[in-house]
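One structure below.
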Amino acid sequence: MTEDPSIIEPVRYVLVAFVGFIISIAGTYFLIRHLLKRQILDRPNERSSHEVPTPRGGGIAIVGAAGAAWLTGAALAGKLGLPDVVILAAAILLGAVCFIDDLRGLGAVPRLLAQVAAVAPGLWLISDQGGLFHAVFPAALDLAATGFLWLWFINLFNFMDGIDGITGVEICAIGVGVAGLAALGASEARLIDPALALTAAALGFLVWNWRPASIFMGDVGSIPMGYLLGWLLINAGAGTGEHGSAVAACLVLPAYYLADASITLARRLSRGENIFQAHRQHFYQQAAIRGIGHAAICGSVIVANAALMLTAWFLAPERPAWGSALAALIVAILLRWMAAGWGWGNRAEQPGAK
């Protein structure tokens, strides 16, 4: 007698989310106490968006929670395999390098080499099925282009982690988006468990990272989480679903982060600025400088991401050109509001906020 998968799968999904959320919220609580005791703090400077020293390194909890929930889902499904082990191990090692960088500073070259070392086994794992561009490029060029885009995604995820809550919100949006694509048949169902794992871990962390944040994620969180989300997006786009193509959908889901980071980088390059130097020129930072609260900015990102998710689920897989165009319009409206506003939502947060 076989068990009904329609019963088993929902229960597994709930367990995955529960494990990720509980470990993240509890782990972050204890991590805050430890980091405060050790005085591992992000002290404000002229480019900071916070005003008081705040513990940094919260990514240790979120990455650990995501990994535990990911493995729980794979084990319960009886499908724990080499890709899960390799990708999670690479993320943990990448996080270790980033934590050293958070504490001491390693420089751009060692950080980039660590990212390349993490991306390389991932490209090897998808070499048979191909990457995001397997339908148009030869195999070698396809993997090279996919690897370059993955590296850029990892770094932009780090660049964009500059105000309370914003990266946790983005992780949730992409995680739910990928899970939705898989549930709707636009990508493979095996991606639901890891997508829920990352989402639940981010929600647990957001309890402590929402404005005013009690802890910051740090590079130890933003870079490994960007790496894991990149892996999910690549697999969702390159895999075979029941209908349509998910490549455009997987570019629609992170469209806001892609646009804000890429446009800001292009502007800084055009002015001859040092792109490795900290700054406050991202669109969301411009909104914060204008006096819009962190929570209000994150709220606007949530609204835009909800529209991007609907576009990715119901339009982009079957009509990629229309889906891409609508996503561009959604992001353009958000960026325009962040850069200049329309006379509403410009109320500054209360004095004394972190």
Check your understanding: Can you give the percent of C-alpha pairs in region 245-312 whose distance is more than 17 Å?
Key -> 53
Practice item. Helix by helix through the chain, keep the DSSP H runs that span 15 Å or more along the axis on Cα and average at least 1.0 on Kyte-Doolittle, and give those back in order. Key: 5-38, 59-77, 82-104, 108-125, 139-159, 166-183, 192-209, 219-238, 294-314, 320-339
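Average projected area of the Cα convex hull of region 57-103, in nm²? It would help to have the intermediate numbers written out before the result.
Working: hull surface 11.8 nm².
Projected area, direction-averaged: 2.9 nm².
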Study note, to complete from the structure: Per the 1/(1 + (r/R0)^6) rule, R0 = 45 Å and r from the Cβ atoms of A145 and H34, FRET efficiency to 0.05 is 0.60
Study note, to complete from the structure: Sorted on mean Cβ neighbours within 10 Å (highest first), peptides 272-280, 159-167 come out as 159-167, 272-280
Review point. What share of all Cα pairs of region 187-289, in percent, falls into each consecutive 5 Å distance bin?
Key: 2, 10, 14, 19, 19, 16, 11, 7, 2, 0
Point to revise | Between region 267-323 and region 164-214, the alpha-carbon center distance in angstrom | key: 17
**Study point:** By average C-beta atoms within 10 angstrom, highest first, the peptides 253-260, 332-339, 21-28
**Key:** 253-260, 21-28, 332-339
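In deg cm²/dmol and to the nearest 500, what is the mean residue ellipticity at 222 nm of the chain if only DSSP H runs of at least 4 residues count, each as -39500 (n - 2.57), divided by the residue total?
Values: 13 runs with 241 residues, N = 354.
Value at 222 nm, helices only: -23000 deg cm²/dmol.
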Revision key, fill the gap. Taking placed amide H atoms and a strict 5 Å upper bound, the residues 5 or more places from F216 or on another chain that come that close are R56, G57, G58
Point to revise | Taking only Cα atoms of the chain, radius of gyration then Dmax in Å | key: 19.5, 68
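If packing is taken as the mean number of other Cβ atoms within 10 Å per residue, what is the order of 193-205, 291-303, highest first?
On the way: 193-205: 28.5, 291-303: 19.0.
Packing proxy ranking, top to bottom: 193-205, 291-303.
Could you check how much of the accessible area of region 195-303 is carbon and sulfur, as a whole percent, using a 1.4 Å probe?
Details: 2200 of 3470 Å².
Roughly 63 percent of what the probe reaches on region 195-303 is carbon or sulfur.
The values are calculated or read from the model by the stated rules, or taken from the named source; none is laboratory data. Please read these numbers as outputs of a predicted model, since none were measured by experiment. As a convention, Cβ positions derive from the backbone with ideal geometry for all residues, glycine included, and neighbour counts pool all protein chains shown. The protein model used for the area step is the full one, side chains on, heavy atoms only, and it has no ligands, DNA or RNA in it. Shrake-Rupley method; radii C 1.70, N 1.55, O 1.52, S 1.80 Å.
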